Ligand SMILES: [Zn+2]
Ligand SMILES: [Zn+2]
């Protein structure tokens, strides 16, 4: 089952010719999840040819223009397709007011239901397969990070063991594969553990942008397979980063290291750096956490299933 993350934009503050504003999309098993939505988000989606109009959920970190100005256009164009299920948007308290005002003033025609929920710290979505949760960051406005984490997957099914136990191929196999016990004709009960390997770990993606460095971030993003984290400034700009309540790329790397993530993808670069100069941000981070990627717009990250 696929779990892909697309970097739709990597710029902070303002969109640049080669860098749209910070936004990421997760595509997992036919569902789409958008994290932040600045100007240019739609263009990247178009360039990637992602069929995004039936997006399932949107998560907004905070109410700064560089993270929300792409939203009205996305909501409007989503009406070009028919959908029955609502679109849920999670974000800070004033997000609903922003969306409602845009809808009213722009006379937006929207043919589906929009549900806006406040992204309080804690679990936002919890279903059979995964959770999405929010945790607090520290910025000039209320801001949250997000974590999407799959639950344990049932272990590998061993048909040879099932046959040896006298379980005929068919619906009983399906029940066992779902982790349910089955009763055979002779009334004996077979537990799934008799025919299944150990449960397999799920995958974890974390999205962190616009915050001071906080040691608590590492706790929330612990063991992520992929961490998208702001690395707005080089380490020589630490003071400026702190004043503006942002992070240096080195601080992002420290979080990645402390959290023992598998891969760090830097995002939300300051427009003061041209595309070539960004390599210095990556170098600062790689000294602390070697598996750091200098994310560019429209890069795709694949998180493979774990055995
Ligand atoms: Zn920002
Ligand atoms: Zn901000």
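The values are calculated or read from the model by the stated rules, or taken from the named source; none is laboratory data. As the structure is a prediction and not an experimental result, all values here were calculated from the model. Here Cβ is always computed from backbone atoms with ideal geometry, including for glycine, and neighbour counts include all displayed protein chains.
For this structure, a couple of remarks:
- Subset tally (residues that are assigned to a strand (DSSP E or B) and surrounded by 19 or more Cβ atoms within 10 Å (Cβ to Cβ)) for the range 117-132: 3
- Filter result for residue 112 (farther than 27 Å from residue 145 by Cβ, in contact (Cβ under 8 Å) with a residue 12 or more places away in the chain and surrounded by 15 or more Cβ atoms within 10 Å (Cβ to Cβ)): yes
Per-residue answers, yes or no, for (1) farther than 22 Å from residue 127 by Cα; (2) under 19 Å from the mean Cα position of the chain (by Cα); (3) within 15 Å of ligand 2 (Cβ to nearest atom); (4) outside the structural domain of residue 17 (by TED's automatic domain parsing):
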site: 30; (1), (2), (3), (4): no, yes, no, no
site: 42; (1), (2), (3), (4): yes, yes, no, no
site: 50; (1), (2), (3), (4): yes, yes, no, no
site: 54; (1), (2), (3), (4): no, yes, no, no
site: 58; (1), (2), (3), (4): no, yes, no, no
site: 74; (1), (2), (3), (4): yes, yes, no, no
site: 79; (1), (2), (3), (4): yes, no, no, no
site: 84; (1), (2), (3), (4): no, no, no, no
site: 89; (1), (2), (3), (4): no, yes, no, no
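- Condition met for residue 245 (surrounded by 23 or more Cβ atoms within 10 Å (Cβ to Cβ) and in contact (Cβ under 8 Å) with a residue 60 or more places away in the chain): no
- Residue 46 vs. criteria farther than 21 Å from residue 303 by Cβ and part of a helix (DSSP H, G or I): yes
- Residues located in the range 93-112, provided they are assigned to a loop (DSSP other than H, G, I, E, B) and out of contact with any strand residue (DSSP E or B) (no Cβ under 7 Å at 6 or more places or on another chain): 94, 106, 107, 108, 109, 110, 111
- Number of the condition not met by residue 285 [criteria: (1) under 19 Å from the mean Cα position of the chain (by Cα); (2) on the phi < 0 side of the Ramachandran plot]: (1)
- Which listed residue, of 251, 242, is at pLDDT 95 or above, over 21 Å from the mean Cα position of the chain (by Cα) and part of a helix (DSSP H, G or I): 242
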